[in-house]
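One structure is given here, and the rest of the page talks about it.
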Amino acid sequence: MSTVGKVIKCKAAVLWEAHKPFTIEDIEVAPPKAHEVRIKMVATGVCRSDDHVISGSLVTALPAVLGHEGAGIVESVGEGVTCVKPGDKVIPLFSPQCGKCRICKHPESNFCCQSTLTQSQGTLLDGTTRFSCKGKPIHNFISTSTFSQYTVVDDMAVVKIDGASPLDKVCLIGCGFSTGYGSAVKVAKVTPGSTCAVFGLGGVGLSVIIGCKAAGAARIIAVDINKDKFAKAKELGATECINPQDYSKPIQEVLQEMTDGGVDFSFEVIGRLDTITSALLSSHPACGVSVIVGVPPNSQSLSINPMLLLMGRTWKGAIFGGFKSKDSVPKLVADFMAKKFPLDPLITHVLPFEKINEAFDLLRTGKSIRTVLTF
Ligand code: PAD
Ligand code: ZN
Ligand code: ZN
């Protein structure tokens with residue numbers, strides 16, 4: 001029986017309040033309105049940014065359906081949708097590309113003016129949500145809300161991908177892989193023969209390493225306080241691995257000594273102010289580029305001596321690896337299908353969607369890289 005135009009009753013993981021586990025609820029998902037797309041989710045990764053909401057370091061309206069690293073199949077489309085049709089395999093885009101705004105027309109930038117990332121109202125573009133539970137509206141999360149059997153997204157926040165692609169793997173292209181890889185190849189523009197330092201070896205940091213290696217870096221120094229992450233970092237291209245806890249001096253001094261004054265490219269892929277500073281200081285003061293990838297705690301600031309930049313250093317950051325999402329995601333999926341980069345090493349666990357709280361425990365205890373939840 002067709003579900004088109006009808007409310008769908010299904011399961012979703014609802015976060016009712018911060019610092020609490022998810023509860024699997026029966027929710028109602030209203031049909032897509034004009035320029036919206038309803039998607040049957042097939043798989044979703046678990047990213048630290050979702051956990052930042054639970055810990056309170058990333059603020060969004062609650063209760064909400066979180067999740068932003070998913071892949072699924074279009075169930076139905078609202079009026080005026082031309083970019084996808086029912087049955088298409090798609091990836092929802094937490095960093096949308098409206099195609100019309102100043103930034104979408106800018107040759108380099110990717111942070112579309114329609115992005116909801118820096119707002120926290122938790123709705124679709126029209127200011128409302130299609131989710132409800134027990135008669136109460138449930139908020140969306142950054143254009144995606146993938147922790148649900150069905151989700152509705154704006155058509156600027158979804159893209160069709162190769163129909164042959166394995167959704168339980170390419171879901172990582174929806175966030176972690178693309179963010180890390182793009183931070184190296186597109187944001188930093190790592191050069192052949194260069195020296196890189198990557199702080200934080202989660203799914204995103206390891207994807208930075210994949211990008212540094214693809215760009216031809218000669219040395220890739222991986223930095224983490226969890227040494228269990230080192231084997232995978234080496235497998236993916238790290239040439240050295242260091243643990244700041246093994247040294248009595250600050251890790252930036254260790255890196256400066258190891259690299260004749262500082263690395264060419266450093267990446268902070270944790271989301272802490274102290275490591276953002278360490279990464280900056282470990283880049284060479286005259287020629288270094290330091291990229292912030294980790295999402296820092298809400299409303300916190302750093303005080304920096306401008307002299308640190310005056311000698312020529314570059315300090316930058318980006319969302320989604322600087323990629324324009326609609327243009328890049330299908331190409332990245334095609335590159336994965338052509339075996340230009342791996343995703344399997346990043347997926348350490350696959351669990352049924354209902355075990356979502358277990359997946360977050362694995363992330364918090366440092367035991368997983370990416371857990372993929374399947375529906
Ligand atoms: P993760 O938790 O899997 O990895 C973080 C790693 O950092 C772990 O291996 C930790 O052991 C390590 N770590 C923690 N504290 C320290 C420390 N003091 N020194 C050294 N290492 C440490 O996270 P992830 O890979 O999913 O995400 C990493 C960050 O990137 C996180 O802040 C997330 O919110 C952010 C992110 N940003 C974007 C973006 O578009 N900019 C996209 C996706 C994720
Ligand atoms: Zn993410
Ligand atoms: Zn735009």
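Restrict the check to the range 101-124 and report whether at least one residue is buried (at least 24 other Cβ atoms within 10 Å of the Cβ), touching a strand residue (DSSP E or B) at 6+ places or on another chain (Cβ under 6 Å) and assigned to a loop (DSSP other than H, G, I, E, B).
no
Tell me which of these Lys367 doesn't satisfy, since it passes every other one: (1) among the basic types (Lys, Arg); (2) in a helix (DSSP H, G or I); (3) exposed (fewer than 14 other Cβ atoms within 10 Å of the Cβ).
It fails just one condition, (2).
Given the structure, is Gly322 surrounded by fewer than 22 Cβ atoms within 10 Å (Cβ to Cβ) and of a type in the set (Gly, Ala, Ser)?
Taking the combined requirement at face value, the residue does not satisfy it.
Could you list all residues from the range 47-66 that are of a type in the set (Gly, Ala, Ser) and within 10 Å of ligand 1 (Cβ to nearest atom)?
Scanning the range 47-66 gives Ser49, Ser57.
Could you please find all residues in the range 333-362 being within 15 Å of ligand 2 (Cβ to nearest atom) and closer than 21 Å to Ser95 by Cβ?
Within the range 333-362, Leu343, Leu346 qualify.
Give the residue that is farthest from ligand 3 (Cβ to nearest atom), with candidates limited to residues of the range 95-142 that are within 17 Å of the chain's Cα centre (by Cα) and aliphatic (A, V, I, L, M).
In this case the residue turns out to be Ile142.
Find the residue count for the range 131-149, including only residues that are in contact with a strand residue (DSSP E or B) (Cβ under 9 Å, 6 or more places away or on another chain) and not in a loop (DSSP other than H, G, I, E, B).
7
State which residue pairs qualify: first residue free of Cβ contacts under 8 Å to residues at least 12 places away in the same chain and closer than 25 Å to Pro297 by Cα and inside the range 97-123, second residue among the β-branched types (Val, Ile, Thr) and more than 6 Å from ligand 3 (Cβ to nearest atom) in any location, beta carbons under 9 Å apart, and separation of 6 or more residues or different chains.
Gln119/Thr60
How many residues are surrounded by fewer than 24 Cβ atoms within 10 Å (Cβ to Cβ) and more than 23 Å from the chain's Cα centre (by Cα) when one looks only at the range 65-82?
Selection size over the range 65-82: 7.
Give the residue that is nearest to ligand 1 (Cβ to nearest atom), with candidates limited to residues of the range 126-153 that are buried (at least 19 other Cβ atoms within 10 Å of the Cβ) and hydrophobic (A, V, I, L, M, F, W, C).
Of everything passing the filter in the range 126-153, Ile142 is nearest to ligand 1 (Cβ to nearest atom).
Take Leu124 and decide whether it is among the aliphatic types (A, V, I, L, M) and more than 16 Å from ligand 2 (Cβ to nearest atom).
yes
Anything in the range 150-183 that is within 16 Å of ligand 3 (Cβ to nearest atom), outside any helix (DSSP H, G or I) and not acidic (Asp, Glu)? List them, or say none.
Within the range 150-183, Val153, Val158, Val159 qualify.
So which helices (runs of 4 or more DSSP H) stay within the range 307-364 end to end and still have 2 or more residues that are modelled with pLDDT of 95 or more and under 22 Å from Glu268 (Cβ atoms)?
Hits in the range 307-364: 307-310, 356-364.
The values are calculated or read from the model by the stated rules, or taken from the named source; none is laboratory data. This structure is a prediction, so every number in the text was calculated from the model and none was measured. Cβ atoms come from the backbone with ideal geometry, glycine included; neighbour counts cover every protein chain shown.
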